[in-house]
Amino acid sequence: MSDRRGFLLDTRPFTASRHFTWMWLGALVAGVGNALTAVAVGLHVYELTHSTFAVSMVGVAALVPTLFAGLYGGTIVDRFDRRLVALASAVLAWLATAAILLLAMLERETIWSLYVLSALNAMGATLVSASRQAIIPNLLEPELLPAAGALNGMSMGLVVTLGPALAGLLVARHGFAITYGLDLLLFCGAFLGLAALPPMPPEPGAEHKTWAAIRESFRYIRATPVVAMSFIVDIVAMTLGNPRSLFPALGAVVIGGGAVTAGLLAASSAIGAVLCSLFSGRIVGWKRHGRAVNLSVIAYGLFTVGLGIVALLVHTGHWPGGVGSPDRLNHSALAAAMLMLFGMGASDNVSAIFRNTILQQAVPDRIRGRMQGIYIMVVTGGPRLGDLFVGLVALGAVWAPPLVGGLAIAAVVAALIRLVPVFHHYDATA
């Protein structure tokens, strides 16, 4: 392999497994649609309430269903055919979006209906994702799992690049119903990608009693500090450094530009993730997975601080161009905020590649669905707690959550490096 090729995305998982390829493509197409609805619901709630706290509660409302899907759903993934579990969960998510569309068309939507239906959508999406991630090690050789993680990171980056930007434009020009309707069409990609998979029956010997299976999961986590830390550092990052609930307010009363700015801000971190994956050829060869996770999360915290500084300077009138409005955009402030979010996306993607690889390589197949369920519970539930953190801290000032949260992330992870050195020095080849 040439040096140039060595820096580029490793696409060998595509040639190694057509089933992985179809599942990846289906997840990409359906994910763009799901991102449309995620951004549109936030904008919809803000239009109804003009409250950042109300927007943050969209995520908080989904927290309990997400926790349920992660804990209980993970046992389902280990007990039944993983392909069928994923298909049934995709149907649940699709029906929730269809109900949101119907209410929007009838102009009968309320913030409570949006909260409830978004929560059902999140529960279905959690189960689909847990099933997919548990399936991947059955489709690929272990040495290809980091490359698969990079491909999935690029897919997620494309999802949250195209979805939010497209959502902002669609809502601004065509309204909410058209946006939700396009999600329903794109979501069909999930069904096609999952239907192409072979049967995935559970491994013999898997625990079939629900509570016993859940207890076994937590015993395994307690006995495996490397796995436990992969969860903990992500909870820290997503709880203290998740600024998405601020985007409508930043577009309305700080940077300016309204819904289009909110979409661009949401897409910026994804652009960082996409480019990080595109040039991940050397990254996926790193063997010190714990160190890679810790350092990338610290970098994530510092970029989050940068976003808070930009918002602070604009909000207080110390940034050139001053405070924006829905009809007047501060272009330089938007560029700076997008740059910080770009760095957040790239560093988070590196962390995700190696956290996923740790779970897929180190965890036995009989318990992998439960570990992936807990992992998805963390990566989806953590941001919901982050929404609550942002909503509460933003009551004081819109710039405070990223500034305070980013500093806290860097400090907490630096402390964890000293407290749990076994994770920082974890070597996948040892």
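The values are calculated or read from the model by the stated rules, or taken from the named source; none is laboratory data. Here the structure is a predicted model, which is why all the values come from computation and not from measurement. Reconstructed Cβ throughout: ideal geometry from the backbone, glycine too, with neighbour counts over all protein chains shown.
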Pick from VAL60, VAL45, VAL29: which is farther than 16 Å from ALA96 by Cα, in contact with an Asp or Glu (Cβ under 8 Å, 6 or more places away or on another chain) and in a helix (DSSP H, G or I)?
VAL60
When residues of segment 223-261 are filtered for being among the hydrophobic types (A, V, I, L, M, F, W, C) and over 30 Å from VAL422 (Cα atoms), how many remain?
10
Give ILE255, ILE235, ILE214 a once-over and let me know the one that is β-branched (Val, Ile, Thr) and surrounded by 23 or more Cβ atoms within 10 Å (Cβ to Cβ).
ILE255
Name the helices (runs of 4 or more DSSP H) wholly within segment 317-430 that hold at least 3 residues that are hydrophobic (A, V, I, L, M, F, W, C) and under 21 Å from ILE298 (Cβ atoms)?
331-362, 365-393, 400-419
It is to be established whether one or more residues within segment 156-165 are modelled with pLDDT of 85 or more and either surrounded by fewer than 24 Cβ atoms within 10 Å (Cβ to Cβ) or among the hydroxyl-bearing types (Ser, Thr, Tyr) (or both).
no
Condition met for LEU313 (more than 19 Å from MET344 (Cα to Cα) and assigned to a helix (DSSP H, G or I)):
yes
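Residue by residue, here is whether (1) modelled with pLDDT under 90; (2) basic (Lys, Arg); (3) over 15 Å from the mean Cα position of the chain (by Cα); (4) surrounded by fewer than 24 Cβ atoms within 10 Å (Cβ to Cβ) holds:
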residue	(1), (2), (3), (4)
LEU240	no, no, no, no
THR261	yes, no, yes, no
SER269	yes, no, no, no
ASN294	no, no, yes, yes
VAL297	no, no, no, no
State whether the residues of segment 214-221 include one that is out of contact with any strand residue (DSSP E or B) (no Cβ under 8 Å at 6 or more places or on another chain), more than 20 Å from LEU43 (Cα to Cα) and part of a loop (DSSP other than H, G, I, E, B).
no
Look through ALA196, ALA165, ALA213 and report the one residue that is of a type in the set (Gly, Ala, Ser), under 25 Å from PHE68 (Cα atoms) and within 27 Å of the chain's Cα centre (by Cα).
ALA213
Criterion first (without any contact (Cβ under 8 Å) to a residue 12 or more places away in the chain and either crowded, with 22+ Cβ neighbours inside 10 Å or out of contact with any Gly (no Cβ under 7 Å at 6 or more places or on another chain) (or both)) does GLY373 satisfy it?
no
Check VAL226 against each of (1) in the same structural domain as GLY73 (by the TED database); (2) surrounded by fewer than 23 Cβ atoms within 10 Å (Cβ to Cβ) and name the one condition it does not meet.
(1)
